[in-house]
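Following: one structure in structure tokens, then a few remarks.
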Amino acid sequence: MADEYQVTYEYVNGSTITFKTNDLKITPVRSHLHIDTRVDGTRVVTDPGYTYNRFTFTAVISGATMDTLYGVQTGAITYSGAYPRITTIYWNGATTETNIEVALVDLQATDLGAGWWLVNIVMEEKDQ
């Protein structure tokens, strides 16, 4: 079984949602990497080295938290200063990532009943 991670998402100063997940996936994305194959079959890689991270996970949250999250994501989010951001990711009880400016680019929610929701989250880092 995977370790449980805690991801704290701060959408405006002082307003946070904490997700507990056991399937956190962090993917470095090299969006400008390009591989060309020449006529002679030689492959040439162009990579300016720019990367950003994509964070994906699922979590079970309460209906009240879902209401807040949905309201935040469907409202007008201001991407300014340091918000929104992942303030902390706890790995095995120790903080290893802090203050990562992100955009929540995908939110899927499934009603589990009894006031609980399963959310699938994708966040992408705004700044390198």
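Coordinate-derived values only; no laboratory data. All values reported here derive from a predicted model rather than from experimental measurement. Using ideal geometry, Cβ is built from the backbone for each residue, glycine included, and neighbour counts are taken over all protein chains shown.
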Handout entry: Between the range 53-67 and the range 1-39, the alpha-carbon center distance in angstrom
Key = 13 Å
Exercise for the section: About the Cα centre of the chain, how large is the charge dipole given +1 on each Lys and Arg Cβ and -1 on each Asp and Glu Cβ? Please answer in debye to the nearest 20. Expected result: 140 debye
Exercise for the section: Would you please put 31-38, 59-66 in order of how densely packed they are, using the mean number of other Cβ atoms within 10 angstrom per residue and starting with the highest? Expected result: 59-66, 31-38
Practice task
Scan around Val102 for amide H atoms under 5 Å from its own, H built in the peptide plane at 1.01 Å from N, and keep only partners 5 or more places away or cross-chain.
Solution key: Arg85, Ile86, Lys126
Practice task
Take the Cα coordinates of the chain, assign each an equal point scatterer, and use the Debye formula without solvent to give log10 I(q)/I(0) at q = 0.20, 0.22 Å⁻¹.
Solution key: -1.17, -1.36
Completion exercise
Among Thr37, Thr8, Ser80, the residue whose Cα sits farthest towards the positive end of the charge dipole of the chain, when +1 is placed on the Cβ of each Lys and Arg and -1 on the Cβ of each Asp and Glu, is Thr37
Handout entry: Thr74-Asp127 pseudo-label distance in nm [points 7 Å out on the Cα-to-Cβ vector]
Key = 3.1 nm
Handout entry: DSSP-loop chymotrypsin sites (Phe, Trp or Tyr not before Pro) across the range 59-128, with at most 12 other Cβ within 10 angstrom
Key = Tyr79
